[in-house]
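Here is the structure we will look at.
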Amino acid sequence: MKIFKTKFAIREFLSTVRSQKIKIGLVPTMGALHDGHLSLVAQSKANCVITIVSIFVNPTQFNNSDDLKKYPKPLEKDIQLLENAGCDILFSPEVDEMYSETEDWGYEVGPMSNILEGKFRPGHYKGVTQIVFKLFDLIKPDSAFFGQKDYQQFLVISKMSQDLNLNIDLIACPIIREADGLAMSSRNIRLSASERNKSLALFKSLEFIRTNFHQLPIDELLDRANLLFEKDDHVSLEYLKICDMLTLEEIHSKKKQKAIALIACMIGETRLIDNMILS
Ligand code: AMP
């Protein structure tokens, strides 16, 4: 695996690759890799000739400086995992390689910036679109692979791609879970043993909604799923909603549209998100 740390070096390398009309796949990540990330690498390898993974803990998408400070950065371990997964290129720049001090980002994210993750993490999608645009512009992949785990992020990036005519095939890949159902996340390693136990409430609530979706009205589904989060000072539910899969507007009755349940919850100091497609 080749490792590049500068835009200049990866651009130089890719200019020769591109002249061979080889299909390039990009998997953007923030590192601390787990099987969820590696499933995206596998998808890229199945669809493209060259797979590039980026590891960059993007400061502009963090609305909580403590979360940014605590974000794990096990680069040597990540390199080993990527080598074993057959990744061709790792791009892992430092912050000052990607940002100048004075720069601004003008893309208007739109309504998605005010709901769900956008509401609880002000400015988050501004930062996400900023870095993803930079990576797309630098690498110019044919395809880019994202996890359904960050479903709203996938919708936001899809819209940006359409708005800006980026002409990149965006592929959403399934959520990879631990054996007991917890969605894999780089933040899971921060959970204590008792928090790890409590974190299962996210999966259980989504699974309850999914299995009862056709039997119970939406209000009752949410009321009963909410009960799983009560009476624990250590667990604080930020949102649990059932939404239209395309717009993420909340739905209150079941119509023909496809629905998805989305959740965000603080377990102690760690913020976890998850979702499940319902219909
Ligand atoms: P992150 O490093 O958390 O920014 O994630 C990088 C990419 O991996 C994003 O597209 C995520 O949606 C995806 N991802 C994270 N966790 C999982 C998971 N458990 N299953 C599948 N994809 C995931």
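Exactly one condition in (1) surrounded by 15 or more Cβ atoms within 10 Å (Cβ to Cβ); (2) among the hydroxyl-bearing types (Ser, Thr, Tyr); (3) more than 11 Å from the ligand (Cβ to nearest atom) is false for residue 6; which is it?
Going through the list (1) surrounded by 15 or more Cβ atoms within 10 Å (Cβ to Cβ); (2) among the hydroxyl-bearing types (Ser, Thr, Tyr); (3) more than 11 Å from the ligand (Cβ to nearest atom), residue 6 breaks only (1).
Failed condition for residue 59, given (1) of a type outside the set (Lys, Arg); (2) modelled with pLDDT of 95 or more; (3) farther than 22 Å from residue 270 by Cα, with all others met?
(3)
Among (1) more than 13 Å from the ligand (Cβ to nearest atom); (2) out of contact with any Phe, Trp or Tyr (no Cβ under 7 Å at 6 or more places or on another chain); (3) not small (Gly, Ala, Ser), there is one condition residue 93 misses while meeting the rest; what is its number?
The single condition residue 93 does not satisfy is (2).
Applying the selection to segment 252-269, what residues are modelled with pLDDT under 95 and open to solvent by less than 50 Å² (accessible area, probe 1.4 Å)?
Residues satisfying the conditions do not exist here.
Just to check your reading of the model, which residue among 206, 278, 237 is open to solvent by 10 Å² or more (accessible area, probe 1.4 Å), more than 24 Å from residue 159 (Cα to Cα) and touching a strand residue (DSSP E or B) at 6+ places or on another chain (Cβ under 9 Å)?
Working: 206 fails: open to solvent by 10 Å² or more (accessible area, probe 1.4 Å); 278 fails: more than 24 Å from residue 159 (Cα to Cα).
On inspection, the qualifying residue turns out to be 237.
Working only within segment 213-234, note down all residues that are in contact with a His (Cβ under 8 Å, 6 or more places away or on another chain) and loosely packed, with under 14 Cβ neighbours inside 10 Å.
Of the residues in segment 213-234, the ones in contact with a His (Cβ under 8 Å, 6 or more places away or on another chain) are 218-219.
Hit for segment 213-234 is 219, nothing else.
Checking residue 65 against (1) under 18 Å from the mean Cα position of the chain (by Cα); (2) at pLDDT below 95: exactly one of these is not met. Which one?
Against the list (1) under 18 Å from the mean Cα position of the chain (by Cα); (2) at pLDDT below 95, residue 65 comes up short only on (1).
Any chance segment 60-69 includes a residue that's assigned by TED's automatic domain parsing to the domain that holds residue 154 and in contact with a Lys or Arg (Cβ under 6 Å, 6 or more places away or on another chain)? Give the derivation first.
Restricting attention to segment 60-69, the residues satisfying the condition of being assigned by TED's automatic domain parsing to the domain that holds residue 154 are 60-69.
This time we only want the ones that are in contact with a Lys or Arg (Cβ under 6 Å, 6 or more places away or on another chain), so: 63.
There is at least one residue in segment 60-69 that is assigned by TED's automatic domain parsing to the domain that holds residue 154 and in contact with a Lys or Arg (Cβ under 6 Å, 6 or more places away or on another chain).
Filter segment 138-151 for residues that are assigned to a helix (DSSP H, G or I) and more than 16 Å from residue 17 (Cα to Cα); which is farthest from the ligand (Cβ to nearest atom)?
From segment 138-151, those assigned to a helix (DSSP H, G or I) are 138-139, 148-151; that's our starting set.
Subsequent filtering for residues that are more than 16 Å from residue 17 (Cα to Cα) retains 148-151.
Details: 148: 7, 149: 4, 150: 4, 151: 8 Å.
It comes out as 151.
So residue 153 clears everything in (1) of a type in the set (S, T, N, Q); (2) open to solvent by 20 Å² or more (accessible area, probe 1.4 Å); (3) closer than 24 Å to residue 88 by Cβ except one condition, right? Which one?
If we test residue 153 against (1) of a type in the set (S, T, N, Q); (2) open to solvent by 20 Å² or more (accessible area, probe 1.4 Å); (3) closer than 24 Å to residue 88 by Cβ, just (3) comes out false.
Could you list all residues from segment 99-131 that are open to solvent by 20 Å² or more (accessible area, probe 1.4 Å) and acidic (Asp, Glu)?
The answer is 101, 103, 104, 108.
Condition first: surrounded by 14 or more Cβ atoms within 10 Å (Cβ to Cβ) and hydroxyl-bearing (Ser, Thr, Tyr). Now tell me which residues in segment 17-35 satisfy that.
Passing the criteria: only 29.
When you go through (1) in a helix (DSSP H, G or I); (2) away from the ligand (no atom under 16 Å from the Cβ); (3) in contact (Cβ under 8 Å) with a residue 12 or more places away in the chain one by one for residue 105, which number turns out not to apply?
Of everything listed in (1) in a helix (DSSP H, G or I); (2) away from the ligand (no atom under 16 Å from the Cβ); (3) in contact (Cβ under 8 Å) with a residue 12 or more places away in the chain, residue 105 misses just condition (1).
So, in segment 169-179, of the ones that are within 14 Å of the ligand (Cβ to nearest atom) and over 11 Å from the mean Cα position of the chain (by Cα), which residue ends up most open to solvent (accessible area, probe 1.4 Å)?
Going through segment 169-179, the residues within 14 Å of the ligand (Cβ to nearest atom) turn out to be 170-179.
Now restrict to residues that are over 11 Å from the mean Cα position of the chain (by Cα): 170-171, 174, 176-179.
Details: 170: 33, 171: 40, 174: 85, 176: 56, 177: 62, 178: 71, 179: 118 Å².
Of everything passing the filter in segment 169-179, 179 is most open to solvent (accessible area, probe 1.4 Å).
Residue by residue, here is whether (1) buried (at least 19 other Cβ atoms within 10 Å of the Cβ); (2) without any contact (Cβ under 8 Å) to a residue 24 or more places away in the chain holds:
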position	(1), (2)
69	no, yes
94	no, no
97	no, no
139	yes, no
146	yes, no
149	yes, no
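The values are calculated or read from the model by the stated rules, or taken from the named source; none is laboratory data. Because the structure is a prediction, the values reported are computed rather than measured. Note: ideal-geometry Cβ built from the backbone for every residue, glycine included; neighbour counts use all protein chains shown. Surface accessibility is based on the protein's heavy atoms, side chains included, excluding ligands, DNA and RNA. Shrake-Rupley method; radii C 1.70, N 1.55, O 1.52, S 1.80 Å.
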